[in-house]
1. Of everything in region 1-23, what is modelled with pLDDT of 75 or more, at negative phi and not in a helix (DSSP H, G or I)? Give them in sequence order.
2. Mind checking which residues of region 33-45 are without any contact (Cβ under 8 Å) to a residue 12 or more places away in the chain and either within 18 Å of Arg98 (Cα to Cα) or not charged (D, E, K, R) (or both)?
3. Give the number of residues within region 58-70 that are among the hydrophobic types (A, V, I, L, M, F, W, C) and surrounded by fewer than 20 Cβ atoms within 10 Å (Cβ to Cβ).
4. Give me the pairs: first residue in region 110-122 and open to solvent by less than 90 Å² (accessible area, probe 1.4 Å), second residue at pLDDT 90 or above and of a type in the set (Gly, Ala, Ser), beta-carbon distance under 8 Å, and six or more apart or on different chains, which are they?
5. Glu152 - would you say it is more than 17 Å from the chain's Cα centre (by Cα), at pLDDT below 80, farther than 20 Å from Asp47 by Cβ and of a type outside the set (A, V, I, L, M)?
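The values are calculated or read from the model by the stated rules, or taken from the named source; none is laboratory data. Small disclaimer: the values here were computed from a predicted structure and weren't measured. Note that each Cβ is placed from the backbone with ideal geometry, even for glycine, and that neighbours are counted across all protein chains shown. The protein model used for the area step is the full one, side chains on, heavy atoms only, and it has no ligands, DNA or RNA in it. Shrake-Rupley method; radii C 1.70, N 1.55, O 1.52, S 1.80 Å.
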Amino acid sequence: MLFFSNDKPKLKLKLKRWKVEGTLELSQHEKSAFGEELGVAAGTTDDAAIKATIRAWSVGFGYTIDPHTAVAAAVAAEVQGSGPAVIVMACAHPLKFRGTVEAALGKPASEWVLEKDKKDQAVRDLLSLDPNSADTLSGTPGLVHFRKSGQEWADDWTQKLRSLLSSTCL
C-alpha cells in the first residue's frame, strides 16, 4: 500500500500534489489496499442522490438529515452490501442547509424541523427568517444575511449558526 510502502518518492510526489492542487489520486490497487488495511470503504454521490437520500430518510425514518449526512448515508447504503452494520452520524442541523433541504423535501422548514428542536430559541429565530430577504434576527444586529453569495455566505452562515447554537446549548 502507498502509505505504508517504501516508495518514498511516489509518496512525496502525491503529497506535494495534494498540498498544491488539493487532490490526491490513488490507483485502484492503492484504494483497495487502503480499504483492506483499515477496513474502510469510500464513495461519492451527486446532488440528485443527496436530495433523494434526504427524502428517503424523511419518509422512511421520520428524520430530516442535512446534505453532508445524506452523502454519508447514500455512500454507506451503496458500499455496505452484506458486510457489517454501518453507522452514519449526522454532523450538522439541517437548518444550516435550509434551502437545499426545503428543495429536497418540497416543503418549508417549519414542516420538517422536529418539534423538540422548535423549543430552542435559536431554532425558532432561524425559522422566523425569510431566506429570500436580508432580514436579521431582532436584537442581534447583522446576524444572518441570506443574500450573500459563495464562500462568504457559507462562512458567515456557519459562524453565526454555530454561535447561536453554542450560546443556547452549552
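1. Of everything in region 1-23, just one residue is modelled with pLDDT of 75 or more, at negative phi and not in a helix (DSSP H, G or I), namely Thr23.
2. The answer is Gly35, Leu38, Gly39, Val40.
3. Of the residues in that region, 2 qualify.
4. Pairs that qualify, where the first residue is open to solvent by less than 90 Å² (accessible area, probe 1.4 Å) and the partner is at pLDDT 90 or above and of a type in the set (Gly, Ala, Ser), are Trp112/Ser58.
5. It is true that Glu152 is more than 17 Å from the chain's Cα centre (by Cα), at pLDDT below 80, farther than 20 Å from Asp47 by Cβ and of a type outside the set (A, V, I, L, M).
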